[in-house]
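Colleague: Encoded as structure tokens, here's the structure I'll be asking about.
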Amino acid sequence: MGTRNLRRWETALHSELEALKWALESMLQHSNCQHFGTDCKDLIAMIKEPQAWPNFSLELEAIQIILMCYSDFKITYVPRTQNEIADSLARNARFFHRSLCFIGCSIPV
């Protein structure tokens, strides 16, 4: 579980990609986690078929390079209604006015 407030990107999909990239990099440093969840079906489609998303080729190439470090990477769809803690962390991080980065097993206060 983690959160980080990132700068605003031009589209929500750019933000989703940047968040996944950060999560992938963070887990390489702090955990052996290989399974990721998202409430963004387009993000899953982008990872599975990057060639179908030419407008995101640079971002997807960077993620594909990181994925080479993973032996058993999986990304699955998790509806927001089943992932309320992560949704709450994301919402709170968005409105935090200082740089924020959190990785752990409990929710920061």
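Colleague: I need the full set of residues from the stretch 24-46 which are in a helix (DSSP H, G or I) and either in contact with a Pro (Cβ under 6 Å, 6 or more places away or on another chain) or crowded, with 19+ Cβ neighbours inside 10 Å (or both), in order please.
Modeller: L24, M27, L43, M46 - these are the residues of the stretch 24-46 that are in a helix (DSSP H, G or I) and either in contact with a Pro (Cβ under 6 Å, 6 or more places away or on another chain) or crowded, with 19+ Cβ neighbours inside 10 Å (or both).
Colleague: Looking at (1) modelled with pLDDT under 95; (2) in contact with a helix residue (DSSP H, G or I) (Cβ under 8 Å, 6 or more places away or on another chain), which one does C105 not meet, given that it meets all the others?
Modeller: Unmet condition: (2).
Colleague: Kindly provide the set of residues from the stretch 56-96 that are touching a strand residue (DSSP E or B) at 6+ places or on another chain (Cβ under 7 Å), modelled with pLDDT of 85 or more and aliphatic (A, V, I, L, M), ordered by number.
Modeller: I75, V78 - these are the residues of the stretch 56-96 that are touching a strand residue (DSSP E or B) at 6+ places or on another chain (Cβ under 7 Å), modelled with pLDDT of 85 or more and aliphatic (A, V, I, L, M).
The values are calculated or read from the model by the stated rules, or taken from the named source; none is laboratory data. If you're wondering where the values come from, they're calculated on a predicted model, not measured in any experiment. All Cβ positions, glycine included, derive from the backbone under ideal geometry; neighbour counts span all protein chains shown.
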